Every structure is written in C-alpha cells, then in structure tokens.
Amino acid sequence: MTAPLTETPVTQTPAPDVRRWPFDTVLVANRGEIAVRVLRTVQKLGLKGAVVYHAADRGTAAVKMADVAIEITGATPVASYLDGAQIIAAAQRCGAGAIHPGYGFLSENKGFCQAVEAAGLRFIGPTPEQIDLMGDKVRARNFVEKAGFPVAPSAIEDDDPATFVERARAVGAPLLIKPSAGGGGKGMRIVRDLALLEQEIERGRSEGQRYFGDGRLYVERYIENPRHIEVQVLGDGQGGVVHVFERECSVQRRFQKIVEETPSPALDAALRDKICETAAGIARSIGYRNAGTVEFIFGQGGDPGAGNGAGAGYFYFLEMNTRLQVEHPVTEEITGIDLVQEQLRVAAGETLGYGQADVKSRGHSIEFRIYAEDAARGYTPTTGPVLVLHPPQGEGVRWDSGILQGGEVTSAFDPMIAKLIVRGVDRNDAIARADRALKETVLLGCKTNTAFLRRLIAHPAFVAGDVHTGFLDANPQIAAEPELPAETLQALLAAAALSTRPMRDVADAVPDLHAAIGAWRN
Amino acid sequence: MHHAFKLGDAEHNVALSRSAQAYRLHIGDAVLDVDLAVGADGRAWLTLGERHLEVVVATRGDDVFVHVDGEAYQLRYRHPLDRLAAQAGGSADDHIRAPMPGSIVLVSVAAGDAVTKGQTLLVMESMKMETTIAAPRDGVIATVTYEKGQTFDRDALLLSLEAQT
C-alpha cells in the first residue's frame with residue numbers, strides 16, 4: 001500500500017497582489033496541455049485568460065477553458081501558432097497585457113519576444129538578449145565555459161574552420177558530431193573510430209544543411225551511457241536567482257524524453273548540491289529573468305578530464321532552455337511552487353522574495369508523457385478519435401491534458417496528448433502509484449503508450465534507477481508487444497462480439513427455444 | 001455463421017449464438033457463456049464463463065476498442081462479405097495503404113498510368129522522415145486517393161492498382 005502524502009506545500013512563495021500588476025489579461029500563445037496548464041494558474045490568480053487557436057483545435061480543453069478564445073489561421077495548423085504578428089494582434093484585440101508562450105512554438109524566439117515588447121505587451125519569459133545568448137548552442141557553451149562552469153571538451157568549427165578536423169581529433173574518441181543549429185537529436189553522429197572522422201564530418205554537414213539549412217558543426221566528447229539531468233532555475237532579473245532542484249530525464253526514445261523524475265536517483269547529496277549550484281550560477285551570471293532549465297549531460301564514475309564530480313559522477317553543461325519545460329510539474333509536486341505563477345510574478349516586475357534556503361522539497365515525483373504512438377512499431381505516431389477518456393484519479397495523481405472525450409488525435413501536432421504526474425513519499429511509492437494510475441487510465445479510440453510505460457516501470461533497471469539515455473534502445477523488448485494471455489484474448493473477443501451489431505443481430509435472429517435446443521447438440 | 005476480428009496482425013474466427021440466459025461465444029471448439037452489461041461512459045461488466053470482468057468498450061464503425069486488465073486493445077470486425085472478396089479477387093498488394101499517419105510530399109502517377117515494379121508512385125512524410133512508396137508489381141494505376149500536401153491516417157488507402165487479369 002502507498003503511504004498517505006502530506007498536503008502542506010513545503011516552499012512558501014509570496015501571495016501576489018494582482019491588482020497592482022501591469023496587466024489583467026494574459027494571452028496564451030500555445031495549445032494542448034500546456035495552454036490548459038498556464039490558463040489554470042492565470043485564472044487561479046484572478047486574471048483573465050485568453051488563448052489563440054487554430055480551427056483544428058476548436059473544441060479542445062484550452063479553448064473551452066479560456067475566458068476569451070481567438071481563432072488564428074495559417075497554411076498549416078502549426079504555422080498559425082508560429083505567426084507572431086497574428087498572435088500579437090489577437091492579444092491587442094482582447095486587451096491582453098501579456099503573452100505567455102508556453103513551450104515550443106514561439107517560446108524561444110527572440111524576434112517574437114522583441115515584437116511583443118515593441119507592441120507594449122509583457123513577454124512572460126526572459127529578455128530578448130537572454131533568449132539570443134542561450135538559443136545558439138555554440139555561443140551559450142562558450143559563454144558558460146568562460147564563466148568558469150564545466151563544459152564537455154569540444155571543437156567548434158566556426159572558431160577556425162581550417163583547423164576544425166585537427167581540433168576535432170584532439171577532443172578524442174568517442175566523440176559526437178552535432179549541427180550548430182541543431183536540436184531534437186537530428187543530424188547527430190557518434191564517432192568511435194577517429195579514422196572515420198572526416199567522412200562522418202561530411203555526412204553531419206550535409207544532414208545539418210538538409211535539416212536546418214546550416215551546415216556548421218561542432219564536436220564534443222561523447223559520454224558512454226550518459227544520463228540527462230537538468231536543473232530548474234528561477235530568476236527575477238533583479239538579482240534574485242534560485243535553483244528548484246534537478247530532474248532526471250534519462251528515459252528517452254528517439255532523443256525525446258518519455259519519463260522524468262525528481263530527485264534524480266543518480267545523485268548523492270554532494271553531487272546534487274554541486275549540479276544545482278552550477279545551474280543557479282549560470283542563471284545568475286546572465287541576470288536571468290523567468291523560469292528556465294539548465295541541462296547537463298551526466299557521466300557515471302570519475303571525470304576523465306576535470307575534477308567536477310568527486311568520482312561518483314561528473315557533468316557538463318549541455319544547454320539552457322529559457323522557457324517553461326514540459327516536465328516542470330515534477331518540480332512543482334515536490335516543492336509546492338507554482339512555476340507559472342512565479343513566471344507571471346517576475347514578468348510583472350516582482351522580485352522572487354525568497355532565497356535558496358527557503359526552497360524545500362518533499363517526496364518523489366515522476367512524470368510520464370502519454371504519447372499517441374505505437375511503441376511496438378518503432379514508436380510511430382497513432383491517430384484516432386477519443387471515444388472514451390477516463391483520466392486517472394486519486395491522491396498523489398495529477399493529469400495535465402489538453403484532450404477531452406469526444407475530441408480527436410490528429411497528425412497535425414506533436415503526439416504528446418497528456419502527462420501523468422505522480423507524487424509519492426519516496427521513489428518506490430511513486431512507482432507504485434504510477435502503475436496504478438497508468439492501469440486506471442482509459443483512452444479508447446487511439447492507441448497510446450500507457451501499456452508500454454507500465455512495462456517500462458516494471459523493468460528491474462528502472463526500479464533500481466539504473467537508466468541512461470540509450471536505455472530503451474538497449475532494451476527493445478520493453479517496447480515489444482508481449483504475447484496476449486489466452487484468457488485476455490477470450491475476454492477481448494467476447495466483448496468485441498457482444499458489441500458488434502451484425503453479430504448480435506445474427507445471434508438474436510435465432511429464437512430462444514431454438515437456442516435452448518442447440519445447447520443440447522453442443 | 002462465422003465472423004472474424006482482426007487484432008494486431010492476427011485474425012480470429014468467432015461465432016455468437018443465444019443461450020437461454022444470454023449468449024454463447026464459439027472460438028474454435030471452445031464454447032463460453034458470455035454476456036455484456038453496458039453501463040455509463042463505456043464501462044461494462046463482462047461475463048466470461050465463470051469469470052466476471054470490468055471492461056470499458058467503445059465502437060466506431062467496424063472498430064471495437066476494449067480496455068481490460070489495465071490495457072486498451074483495438075479489434076476490427078471483418079465483414080463476412082469483405083473477407084470473401086479479399087480471398088476471391090486480386091492480391092492484397094493491389095491496395096497500398098499507409099503504414100503510419102502523415103502527409104503527401106509528391107505524387108508521381110495518375111489513374112490509368114502504366115507502372116513497372118519498383119517505380120516510385122508517391123513520397124510521403126511522417127515523423128519528419130520521407131518514405132517512398134514504390135510499385136509492388138507491374139500494372140496500371142486504378143486510383144490515387146490524395147494530392148500533394150494532404151494528410152492521412154494510418155491504414156488509409158493511398159493508391160490502388162488495377163486487378164491483374
């Protein structure tokens with residue numbers, strides 16, 4: 001049995017007085033679960049929540065929930081959410097004084113941020129300069145290195161294209177080639193044999209050109225079986241910066257996160273302090289304003305290079321995301337901090353009003369991304385109607401979703417349709433709650449990954465917290481559909497037969513008496 | 001009369017008949033007393049011989065969706081006539097269906113075009129990857145369902161070849 005949870009928030013944040021804020025309406029320039037999530041806090045604070053939507057999202061939860069919903073158009077549904085001018089016009093039309101970009105779309109677009117400010121509106125995010133600095137991986141890495149924080153040994157082509165191959169060779173094998181303009185794992189190549197270096201650089205360049213229209217590359221030391229650990233930070237742009245602990249995001253498929261949790265099972269107290277302080281230091285060094293995430297790559301054991309880990313593990317700065325993260329809820333669950341509220345407060349000009357010592361956590365939280373996809377078929381996206389939706393309920397269970405029963409999952413957007421977040425007194429407790437919640441989650445009409453997630457969290461390596469970013473590739477049997485027990489097959493065929501009109505009609509056409517006689521023949 | 005459901009790649013033959021109280025399900029030689037009491041919101045109580053199970057059921061067209069033991073499954077009812085047609089005429093290769101949802105990047109052929117095996121018929125994009133659909137055999141294009149830029153769901157009929165004579 002799972003233990004009862006304490007309900008007191010452990011971190012006290014100032015109660016905002018929204019009557020003094022420079023805006024009374026916030027427009028959410030996003031869709032799906034994150035639009036719902038942001039609207040929830042906006043409305044909780046007593047502000048009005050507006051949302052823009054493409055026709056493909058008419059009737060979704062965010063549109064129904066918003067105080068004002070304004071339709072936007074575009075060549076494709078995604079294009080409409082990327083149309084900054086149209087979104088700003090919508091904000092002005094409904095009297096919104098601020099725009100929250102959510103994640104993805106325009107959330108890290110410097111031009112959009114500037115246009116919002118030029119229109120006299122508040123951008124719920126960082127300054128344009130901060131987006132610019134952290135948006136370019138190469139410049140961000142250089143900045144962080146110069147500020148004295150650990151980065152992986154690397155070579156950047158732009159520094160001196162003529163000596164790039166030489167400098168790449170000096171980084172040593174194994175190394176990773178990445179497009180400078182890249183993201184989402186596209187165009188990355190691992191080189192284990194330096195004899196193949198030049199050939200792989202050429203391939204990486206043509207892929208970068210194809211995916212991003214930019215063939216510039218950089219290489220860095222590749223860490224075998226690395227973990228992805230990131231740290232939530234909050235800054236007010238007025239000198240106040242805190243970290244809000246780490247999140248472990250190592251369970252990934254196709255370089256995309258599936259399960260995120262906090263605390264990380266990989267860190268001891270000393271390492272946790274060190275990585276969290278590093279993240280806060282990076283945010284402090286740029287006078288950061290907004291919620292943000294500093295991502296690190298984490299290697300087990302001793303650092304082959306510098307001494308930034310004391311043998312239990314080492315980490316290098318990867319990148320900083322200057323926005324709210326998909327996996328932010330786990331941080332909220334263990335600290336009691338409403339990160340969207342903090343974003344709104346600092347965008348309104350308030351200071352954090354608390355320091356690092358005030359940020360406390362309790363228990364363990366895990367988030368599961370519910371994807372419309374078929375894990376057994378290479379995680380390919382699925383589509384279909386949401387005929388029945390029974391979200392999981394109960395203590396320690398949070399369901400962040402943008403879909404409703406009667407809606408439709410289409411291929412127009414990302415296949416992530418919801419997030420299940422659980423909180424337990426410790427990791428085992430959280431896993432137990434997660435299994436129950438995943439089992440209780442009913443979504444009929446479109447295949448999702450809930451059964452796969454249950455197989456994943458039952459795996460001994462996951463239970464032991466012993467995972468890395470290549471864990472699912474190394475264990476393909478977790479994604480494979482297990483053989484159906486004979487009894488389950490019987491139940492499925494019975495339920496299907498009894499729910500299929502032509503079958504019932506044929507059976508019912510035979511009178512009862514006849515059926516009774518038939519029984520004798522059987 | 002025998003009916004069938006497709007579950008994954010497997011097809012299962014079943015028959016249903018009345019019993020004095022409810023129904024009997026015939027799977028191969030096995031016969032089970034079955035019944036389904038449907039409640040609100042798709043929730044239902046399934047009787048399966050001596051067992052009673054809580055399930056959730058929804059249907060759309062020929063698709064039956066069932067949630068049982070914490071997992072959701074999709075079964076597709078196969079009309080007896082369709083199954084007959086599939087056995088009698090043409091090979092399954094005459095109808096080219098989408099392996100996953102996506103959109104059309106390029107259509108290289110039109111209805112009536114003669115094609116040779118391996119010839120590019122169309123290019124689709126899914127999950128940011130382009131996939132080329134090539135002719136499975138020599139033949140003539142019967143129908144082309146989509147134009148460039150249109151989106152489709154998994155199993156959608158993309159194009160078909162005229163049946164071989």
Practice item. Check off (1) of a type outside the set (S, T, N, Q); (2) over 24 Å from residue A:131 (Cβ atoms); (3) in a strand (DSSP E or B); (4) modelled with pLDDT of 95 or more for residue A:314 and give me the number that stays unchecked. Key: (4)
Review point. Among A:112, A:123, which is the only one that is of a type outside the set (Asp, Glu), buried (at least 20 other Cβ atoms within 10 Å of the Cβ) and either in the same structural domain as residue A:275 (by TED's automatic domain parsing) or in contact with a Cys (Cβ under 7 Å, 6 or more places away or on another chain) (or both)?
Key: A:123
Review point. Pick from A:413, A:452, A:462: which is over 30 Å from residue A:59 (Cβ atoms), within 23 Å of the chain's Cα centre (by Cα) and buried (at least 18 other Cβ atoms within 10 Å of the Cβ)?
Key: A:462
**Study point:** Residue count for the stretch B:52-67, restricted to those that are within 7 Å of another protein chain (Cβ to nearest Cβ) and closer than 13 Å to residue A:491 by Cα
**Key:** 8
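Test residue A:491 against the stated conditions and say whether it is aliphatic (A, V, I, L, M) and outside any helix (DSSP H, G or I). If you could, list the steps in order and put the result at the bottom.
On the way: aliphatic (A, V, I, L, M): yes; outside any helix (DSSP H, G or I): no.
No; evaluated as a whole, the condition is false for this residue.
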Check your understanding: Which condition number does residue A:396 fail, the rest of (1) within 13 Å of chain B (Cβ to nearest Cβ); (2) on the phi > 0 side of the Ramachandran plot; (3) touching a Ser or Thr at 6+ places or on another chain (Cβ under 9 Å) being met?
Key -> (1)
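Condition first: within 7 Å of another protein chain (Cβ to nearest Cβ), crowded, with 20+ Cβ neighbours inside 10 Å, modelled with pLDDT under 90 and under 30 Å from residue B:138 (Cβ atoms). Can you find one or more residues in the stretch B:86-100 that meet it?
Yes: the stretch B:86-100 contains one or more residues that are within 7 Å of another protein chain (Cβ to nearest Cβ), crowded, with 20+ Cβ neighbours inside 10 Å, modelled with pLDDT under 90 and under 30 Å from residue B:138 (Cβ atoms).
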Point to revise | Tally, over the stretch A:33-82, of residues that are polar (S, T, N, Q) and part of a helix (DSSP H, G or I) | key: 3
Check your understanding: Under the condition of being under 15 Å from residue A:486 (Cα atoms) and touching a residue at least 40 places away in the same chain (Cβ under 8 Å), which residue from the stretch B:6-51 is nearest to the other protein chains (Cβ to nearest Cβ)?
Key -> B:7
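Of all residues in the stretch A:65-102, which are touching a residue at least 60 places away in the same chain (Cβ under 8 Å) and either within 14 Å of residue A:27 (Cα to Cα) or outside the structural domain of residue A:31 (by TED's automatic domain parsing) (or both)?
A:87, A:90, A:91, A:94, A:95, A:96, A:97, A:98, A:99, A:100, A:101, A:102
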Practice item. Filter the stretch A:318-375 down to residues that are among the acidic types (Asp, Glu) and part of a loop (DSSP other than H, G, I, E, B) and give me whichever is farthest from residue A:18 (Cα to Cα). Key: A:327
Study note, to complete from the structure: All-but-one check, residue A:258 against (1) without any contact (Cβ under 8 Å) to a residue 40 or more places away in the chain; (2) surrounded by 23 or more Cβ atoms within 10 Å (Cβ to Cβ), failing number (1)
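Identify, from the list A:475, A:449, the residue that is within 26 Å of residue A:298 (Cβ to Cβ), more than 13 Å from chain B (Cβ to nearest Cβ) and of a type in the set (S, T, N, Q). Write out each step before concluding.
Numbers: A:449 fails: more than 13 Å from chain B (Cβ to nearest Cβ).
Result: A:475 is the single residue among A:475, A:449 that is within 26 Å of residue A:298 (Cβ to Cβ), more than 13 Å from chain B (Cβ to nearest Cβ) and of a type in the set (S, T, N, Q).
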Check your understanding: Within the set of pairs 6 or more residues apart or between chains, which connect a residue that is under 10 Å from residue A:180 (Cβ atoms) inside the stretch A:135-164 to a residue that is among the charged types (D, E, K, R) and not in a strand (DSSP E or B) with Cβ atoms less than 7 Å apart?
Key -> A:138/A:158; A:157/A:216; A:158/A:216
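Could you say whether any residue in the stretch A:411-427 is of a type in the set (Phe, Trp, Tyr) and modelled with pLDDT under 95? It would help to see each step written out before you state the result.
If we filter the stretch A:411-427 for residues that are of a type in the set (Phe, Trp, Tyr), which is where we start, we get A:413.
Subsequent filtering for residues that are modelled with pLDDT under 95 retains A:413.
For the stretch A:411-427, residues of a type in the set (Phe, Trp, Tyr) and modelled with pLDDT under 95: present.
The values are calculated or read from the model by the stated rules, or taken from the named source; none is laboratory data. These figures come from a predicted structure and were not determined experimentally. Neighbour counts are summed over all protein chains in view; Cβ atoms, including those assigned to glycine, are modelled from backbone coordinates with ideal geometry.
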